[in-house]
1. Please identify the trypsin sites (Lys or Arg not before Pro) of the range 183-252 that satisfy two criteria: DSSP loop assignment and at most 16 other Cβ atoms within 10 Å. Which are they?
2. Considering just Cα atoms, how many Å³ per residue does the convex hull of the range 106-207 enclose?
3. Report the gain in length on full extension from Y125 to S37: 0.36 nm times residue separation, minus Cα-Cα distance, nm rounded to one decimal.
4. Sort largest first and round to whole Å: the equivalent ellipsoid semi-axes of the chain, each the square root of five times a Cα gyration tensor eigenvalue.
5. Of the accessible area of the chain, with the probe set at 1.4 angstrom, what percent is carbon plus sulfur?
6. Quick check on packing: order 79-86, 13-20, 174-181 by the mean number of other C-beta atoms within 10 Å, highest mean leading.
7. Using a Debye calculation, one point per C-alpha and no hydration shell, please list log10 I(q)/I(0) for the range 1-150 at q = 0.15, 0.20, 0.21 Å⁻¹ in order.
8. So how far apart, in nm, are the two label points at E89 and I222 if each is 7 Å from Cα heading toward Cβ?
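The values are calculated or read from the model by the stated rules, or taken from the named source; none is laboratory data. Just so it is clear, the model here is predicted, and its values are computed rather than measured. Here Cβ is always computed from backbone atoms with ideal geometry, including for glycine, and neighbour counts include all displayed protein chains. Side chains are part of the model used for accessible areas, which takes the heavy atoms of the whole protein and leaves out ligands, DNA and RNA. Shrake-Rupley method; radii C 1.70, N 1.55, O 1.52, S 1.80 Å.
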Amino acid sequence: PNKFWGIGNDTPDSNEENYDMTSHKLRVDFLKRLPPSLNFGLRFNFENHELTEVAEGGLLDSGGIPGSNGAIIVGLGAIFNLDTRDQVEDPHGGYYVNFNAQFSSENFGATHGFNRFITDLRAYYPLGEKSLLAARVYVENNFGDVPFQAKSQFGGGNMARGYFQGRFIDDHMYVITAEYRYRVLPRFSLAGFVLMGEVTDINQQYFQDPKLSAGGGVRFKILKQQNTLVRLDIGIGEDGNSGFYFGVNQAF
C-alpha cells in the first residue's frame, strides 16, 4: 500500500490517491577498499515494480504517469566514497563523502532508460564530551525516461522527516539537514533537527519553493557493548505535514 500525489514540488493535498504495488529489488555492490577510508567500485541494480491496484479515475489510472503500467529497472553504476567516521551506527566524528552514477538501459531488459547521479555529503562535529552537531547535504539528479518509482522522493524517516516518503517526487532533489545530538546517559540521548529541500523537473531551478521541517526525538542504545541503537522521531513540516518515525541507528 502507498500514496501518490502526482509529480512536482507543488502537488496539492487533494491529489492524494492510494495504490498497491508489488516490488522486487536486488542491489549488489562490488567495492575495493584503499586503506584507511577510500572505497570505490561498481553497482548492479535490478528493480521490478508491478502496480496491482490503483484508484479508479485517478492519476495513475490515466496511464499518463511514467511507470503507471509498471517498471523494470536494470543497470550498472559506479560508486566512490570517502568514509572517516569512527562508526556507522552512531558517528561521533568524521566525514562521509559519496558520489555515485547509475544508469538503467533497455539493452539490459529495462522498460525505461535513464541516468542517475547522487551526491551525499555528511559531517559530524563534536561540541563537547556529550554533544554533537551533524550535517548532511543530499543531491539527486535523474535524466531520461524516469518512471515515478525511480524519481527522487522527498520525505521519509531517513531523508526528510516531517513529510510522507514520496509526498513530493520529481527528477531532481536536494535536502539539507542539520541535527544536534546530546547524550543524556551512556545509553540514552536526545536529538533535534531542522531541514529544507525540494524537488524540481529542472535542476537549475533549486531554491524556488523549499519545503521546511523541524523536529526531534530520542535514541536508545540496545546493548552497552554495541553501537546499534533505536530511535523515535517526530517531524513537523509545512501545510499540516508531519510524521512519527521509528528506526534503527541514526537517520544519517
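1. R187, K224
2. Spread over its residues, the Cα hull of the range 106-207 gives 128 Å³ apiece.
3. So the chain would gain 29.9 nm between Y125 and S37.
4. Equivalent ellipsoid semi-axes, largest first: 32, 23, 16 Å.
5. About 57 percent, which is the carbon plus sulfur part of the accessible surface.
6. 174-181, 79-86, 13-20
7. At q = 0.15, 0.20, 0.21 Å⁻¹ the computed log10 ratios are -0.92, -1.17, -1.22.
8. 0.8
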